[in-house]
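Undergrad: What follows is a single structure, and I will ask about it in a moment.
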Amino acid sequence: FKDVPPNTPFNTHGMKVPINIEKYNEQGHLVESHKSVPPGISDIPTGPHRGDVIETPAKGYRDGGVRYSNRRYKR
């Protein structure tokens, strides 16, 4: 999300897997970070700085799902 205003809350409603949320200021410095945020969380703070928010799959979900034995199942 480009150019997010200061103190804009995010949420994970409608998500199916945990995500990481990171906010970078205009100089490219990390100013807020939340790791492995589960689905259904409201009002995740993004801090008092304007910047870009990047959401990525949490560890364990980056390759398309959870691996059970040698099979991969997407959820």
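Undergrad: Can you tell me which residues in the stretch 1-42 are of a type in the set (Gly, Ala, Ser), in contact (Cβ under 8 Å) with a residue 24 or more places away in the chain and farther than 16 Å from Ala58 by Cα?
TA: If the condition is that a residue be of a type in the set (Gly, Ala, Ser), in contact (Cβ under 8 Å) with a residue 24 or more places away in the chain and farther than 16 Å from Ala58 by Cα, then Ser42 is the only one that fits.
Undergrad: Sticking with this structure for a sec: Can you tell me which residue within the stretch 1-43, out of those that are small (Gly, Ala, Ser) and either in contact with a Lys or Arg (Cβ under 8 Å, 6 or more places away or on another chain) or in a strand (DSSP E or B) (or both), is nearest to Ile54 (Cα to Cα)?
TA: Ranking the candidates gives Ser33 first.
Undergrad: Pull up the stretch 1-55, narrow it to residues that are among the aromatic types (Phe, Trp, Tyr) and within 12 Å of the chain's Cα centre (by Cα), then point me to the one that is least open to solvent (accessible area, probe 1.4 Å).
TA: Filtering the stretch 1-55 for residues that are among the aromatic types (Phe, Trp, Tyr) and within 12 Å of the chain's Cα centre (by Cα), the one least open to solvent (accessible area, probe 1.4 Å) comes out as Phe10.
Undergrad: Ok, one more. Quick one: Asn70 ticks every box in (1) modelled with pLDDT of 90 or more; (2) loosely packed, with under 11 Cβ neighbours inside 10 Å; (3) of a type in the set (S, T, N, Q) bar one, so which box is it?
TA: Checking Asn70 against (1) modelled with pLDDT of 90 or more; (2) loosely packed, with under 11 Cβ neighbours inside 10 Å; (3) of a type in the set (S, T, N, Q), the one that fails is (1).
The values are calculated or read from the model by the stated rules, or taken from the named source; none is laboratory data. For clarity, every value in this text was computed on a predicted model and none was experimentally measured. Positions of Cβ are generated from backbone atoms using ideal geometry, with glycine treated the same way; all protein chains shown enter the neighbour counts. Ligands, DNA and RNA are stripped out before the accessible areas are found, and what is left, the full protein with its side chains, is counted by its heavy atoms. Shrake-Rupley method; radii C 1.70, N 1.55, O 1.52, S 1.80 Å.
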